[in-house]
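The values are calculated or read from the model by the stated rules, or taken from the named source; none is laboratory data. In this text, all values refer to a predicted model and were calculated from it rather than measured experimentally. Cβ placement follows ideal geometry from the backbone for every residue including glycine, while neighbour counts extend to all protein chains displayed.
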């Protein structure tokens, strides 16, 4: 895979900018009023745009997906076709985590029968930990990209190393998550 230096610099700069500015809303920033499905879809698209802006395709969530999550009891059922903060927090976490984890693992991390206080606590922790993860990646992005951008050594080899390092890290963190969630079964 060959990338021009300018294209590489632009990509890293855009990613870093996206990572620095991105954050899921805090619990108290979620709408207090119950929402209808079309409103939920609009707000989810806004909050989860980083995953689709970066990749450049697809939708964050569809009404069919939400209906399936309810049917499969992954999230609580809406009340009179309206969705609350509880539903939004479940959906935001699920849609974020499903980028790398399967639904069975997600359900172990976020059971669907949590009380409002419990889901508020889990969601708050999730938002805080996601911020830490984005900060960690942002802080280390320059160090990872610097040799490529400065053209030190063989650029193609360094790009391949970077791709393999990032992909391997994703797999290792996924594996670690799965093993930790299995501990709760024992």
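Being closer than 24 Å to residue 131 by Cα and crowded, with 19+ Cβ neighbours inside 10 Å is a property that residue 90 has.
Tell me which residues, restricted to region 108-146, are more than 27 Å from residue 166 (Cβ to Cβ) and either in a helix (DSSP H, G or I) or within 14 Å of the chain's Cα centre (by Cα) (or both). Matches in region 108-146: 116, 117, 118, 119, 120, 121, 122, 123, 124. Go over the candidates 24, 72, 8, 15 one by one and state the one that is surrounded by 15 or more Cβ atoms within 10 Å (Cβ to Cβ), more than 21 Å from the chain's Cα centre (by Cα) and modelled with pLDDT under 95. Unique residue meeting the criteria: 8.
Could you tell me whether residue 46 is more than 22 Å from residue 31 (Cβ to Cβ) and surrounded by fewer than 19 Cβ atoms within 10 Å (Cβ to Cβ)? Reasoning before the result, please.
Values: more than 22 Å from residue 31 (Cβ to Cβ): no; surrounded by fewer than 19 Cβ atoms within 10 Å (Cβ to Cβ): yes.
Spelling it out, it is not the case that residue 46 is more than 22 Å from residue 31 (Cβ to Cβ) and surrounded by fewer than 19 Cβ atoms within 10 Å (Cβ to Cβ).
In summary, helices (runs of 4 or more DSSP H) completely within region 35-100 and bearing 3 or more residues that are in contact (Cβ under 8 Å) with a residue 40 or more places away in the chain occur at 37-47, 85-97.
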